[in-house]
Structure formats: C-alpha cells, structure tokens
Amino acid sequence: KGGFITAQARETADSPSGFVFKGCTVSGVGLSYLGRPWRPYARVLFFKSNFSQVVDPRGWDPYVGKMDRKGVIYAEYGNFGPGADTSNRVSWEKKLSVDVWEKMTSMSFINEDGWLERQPY
C-alpha cells in the first residue's frame, strides 16, 4: 500500500554491500519509492526488472534533512513496464557505465561471500 521498497544502509564508501534487484517484478497497491537512503552510502540497483505502475515517477525518496546524499548510489538500468520511465526521476540518481553494471550484476559480485549457498531453499 505504498511506501519504500528499500532502505539500504552502507556506512562507508568502500563497503561491498548493497541491494541488487536483477530480473525482478515490482508490483503492488499504491505508489512506492524504489528506495530511500538509510545510511550515507546506501547502494541500490535495479537491473532489467519489470516495474508496474506502483513505482513513484520520482523513483527515489531523498529522506530530506537526514543526511548528505553525495555518497548514495541509486541507479536503474534496462527496466521495463509502466513504472520504468526515468524522465521524472530525482536528479541525484546515478548513471553508471556499462562496465560497472556488468560487474555489479554479475554473480561473482552478488554472491561474493557465498551467502546464496547458505540459504535454506
């Protein structure tokens, strides 16, 4: 029923963490932001995912007054569907190079510490 899909929390610029949504479907009821920074170096990427009409046209919420957004990395690439139009996104959304996208959406980055193998599925 609206809100935020993510609230990621990296404390430092060199932290290897972040959220990567690859080939996902974003749907629901009511407008939602793709995310808002929980800490100063939040990193969230949406890659080749299906965005329904629930994605707020601004994409990301700045969490005004809480922190400096210079270190925040919020980016999207190759998404599709009615909510994927980026023409009204916030000005501070990052534009990443193809090389960065390839690295950060590869399984070697996503599963760097082997956490996927430890899941109970």
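Tabulated values for the structure
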| quantity | calculated |
| --- | --- |
| Residue among ALA75, ALA13, ALA84 that is out of contact with any His (no Cβ under 8 Å at 6 or more places or on another chain), open to solvent by 40 Å² or more (accessible area, probe 1.4 Å) and of a type in the set (A, V, I, L, M) | ALA13 |
| Top-ranked residue of the range 104-121 - restricted to ones that are over 25 Å from ARG58 (Cα atoms) and part of a helix (DSSP H, G or I), ranked as nearest to the chain's Cα centre (by Cα) | ILE110 |
| The range 24-35: number of residues that are farther than 16 Å from ALA75 by Cβ and either part of a loop (DSSP other than H, G, I, E, B) or open to solvent by 50 Å² or more (accessible area, probe 1.4 Å) (or both) | 6 |
| Residue check, PRO57 without any contact (Cβ under 8 Å) to a residue 60 or more places away in the chain, open to solvent by 20 Å² or more (accessible area, probe 1.4 Å) and either farther than 26 Å from GLY114 by Cα or not hydrophobic (A, V, I, L, M, F, W, C) (or both) | yes |
| Out of TRP101, TRP38, sole residue that is in a loop (DSSP other than H, G, I, E, B) and either modelled with pLDDT of 95 or more or out of contact with any Gly (no Cβ under 7 Å at 6 or more places or on another chain) (or both) | TRP38 |
| Pairs where the first residue, in the range 1-28, is within 19 Å of SER52 (Cβ to Cβ) and touching a residue at least 12 places away in the same chain (Cβ under 8 Å) and the second is part of a loop (DSSP other than H, G, I, E, B) and open to solvent by 50 Å² or more (accessible area, probe 1.4 Å), C-beta under 7 Å, 6+ apart | LYS1/VAL29; GLY2/LEU31; LYS22/LYS48; GLY23/LYS48; VAL26/ILE5 |
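The values are calculated or read from the model by the stated rules, or taken from the named source; none is laboratory data. Here the structure is a predicted model, which means the values were calculated and not measured. Ideal geometry is used to build each Cβ from the backbone, glycine not excepted, and the neighbour counts take in all protein chains shown. What goes into the accessible areas is simple: the full protein's heavy atoms, side chains included, and nothing from ligands, DNA or RNA. Shrake-Rupley method; radii C 1.70, N 1.55, O 1.52, S 1.80 Å.
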